[in-house]
1. Out of 273, 323, I need the residue that is exposed (fewer than 14 other Cβ atoms within 10 Å of the Cβ) and under 22 Å from the mean Cα position of the chain (by Cα). Which one?
2. Condition first: at pLDDT below 50 and surrounded by 14 or more Cβ atoms within 10 Å (Cβ to Cβ). Can you find one or more residues in the stretch 18-26 that meet it?
3. Hey, among 288, 332, which residue is out of contact with any helix residue (DSSP H, G or I) (no Cβ under 7 Å at 6 or more places or on another chain) and either more than 30 Å from residue 192 (Cβ to Cβ) or not in a helix (DSSP H, G or I) (or both)?
4. Considering only the stretch 154-169, I want to know if a residue exists there that is closer than 23 Å to residue 52 by Cβ, assigned to a loop (DSSP other than H, G, I, E, B), touching a helix residue (DSSP H, G or I) at 6+ places or on another chain (Cβ under 7 Å) and in the same structural domain as residue 52 (by TED's automatic domain parsing).
5. When you scan the stretch 60-82, do you find a residue that is closer than 30 Å to residue 173 by Cα, modelled with pLDDT of 85 or more, surrounded by 21 or more Cβ atoms within 10 Å (Cβ to Cβ) and in the same structural domain as residue 147 (by TED's automatic domain parsing), even just one?
6. Here is a list: 268, 190. Which entry is buried (at least 17 other Cβ atoms within 10 Å of the Cβ) and either on the phi > 0 side of the Ramachandran plot or in a strand (DSSP E or B) (or both)?
7. I'm trying to understand the selection: among the residues of the stretch 302-329, which are touching a helix residue (DSSP H, G or I) at 6+ places or on another chain (Cβ under 9 Å) and outside any helix (DSSP H, G or I)?
8. Looking at (1) touching a strand residue (DSSP E or B) at 6+ places or on another chain (Cβ under 7 Å); (2) under 30 Å from residue 104 (Cβ atoms); (3) crowded, with 16+ Cβ neighbours inside 10 Å, can you tell me which one residue 152 breaks?
């Protein structure tokens, strides 16, 4: 993995951006009333246009531009390295694209974006003349640069050193865009990610069953719909299950694997192995509305909204409290681990107090918590809670969790602005 962040997505206004070698000459820039096509800023006696027309392409390639703008200063500041993926937004004729391409090398890619077809043609001619094969021209719009799907997120993953820089471009190349359900006969695993509509999913599964092999696994990424409500729409329900990826799916490790009543053990095991190979953390759970994550999350989110409704705190303060408190804690300590660590009796008493103080039964202790109280299974302090802490397990558990929290605190402090 590269030691430096790899991809950069850069806004380059080829006609306006400058990195002067010294202080600009007096009067070089001036503010004026904007003309219909200008931005109200004058440079060297000319108003800067909102969009540089392709009619001015020759001016973009003027010989004196290198001396006027000193492009090497900008390129040095970007710290471009071989293998990086770069987007040059507003590329014009590719004046900066070509220079970036030299720095990222044959293993890197420069996406050169412009909104004028005429400018794109000129850019492609320039890159062909300069043999810059790693520059890919893209026609965008004023609101969409038209970058390849997932390319920005992938760039951030490389920048944060989650994905190796030289793996970014090949990853995008392995993504094939298809329209419709044709050409899926060779697929061994099909993941559906349609909106949460039972009717839509059922209709799609019926059509899909006619186009895939009989042994292909079919997985729905539904976050709430029971697999038993969908399985009969799949020809061969034993190969169907729910594999719920939590958003953002390419980052969050958890995938909830929920087999239906007819799902075969082979289908479940094959899905678990595939997800593990993808670097995910698959967790199997029974068929119940909301599964694990969404069921907890619905309660959590609604309670957060109630805090705001009741005037207890602002949305900003609720979020800040969550990130610095529960969010921080539960990144290293599981919910049941924390119940034990804090004490089952603490949860029991806090739940009773909240229920009585707020007059709401939803805060009452769960039956299993009451059972643990009756059996004196309160956590490490009694040797057992939801987990066993016999022998030296208590010390081992508490030391490991303290270390994990301290490491997380250190990471947070090091990454703080």
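1. Exactly one residue qualifies, and that residue is 323.
2. Yes: one or more hits.
3. Being out of contact with any helix residue (DSSP H, G or I) (no Cβ under 7 Å at 6 or more places or on another chain) and either more than 30 Å from residue 192 (Cβ to Cβ) or not in a helix (DSSP H, G or I) (or both) holds for just one of 288, 332, which is 288.
4. Scanning the stretch 154-169 turns up no residue that is closer than 23 Å to residue 52 by Cβ, assigned to a loop (DSSP other than H, G, I, E, B), touching a helix residue (DSSP H, G or I) at 6+ places or on another chain (Cβ under 7 Å) and in the same structural domain as residue 52 (by TED's automatic domain parsing).
5. yes
6. 190
7. 312, 313, 314
8. All conditions pass for residue 152, except number (3).
The values are calculated or read from the model by the stated rules, or taken from the named source; none is laboratory data. What you see is a predicted model; the values in this text were computed from it and never measured. So basically every Cβ, Gly included, is an ideal-geometry build from the backbone, and we count neighbours across all protein chains shown.
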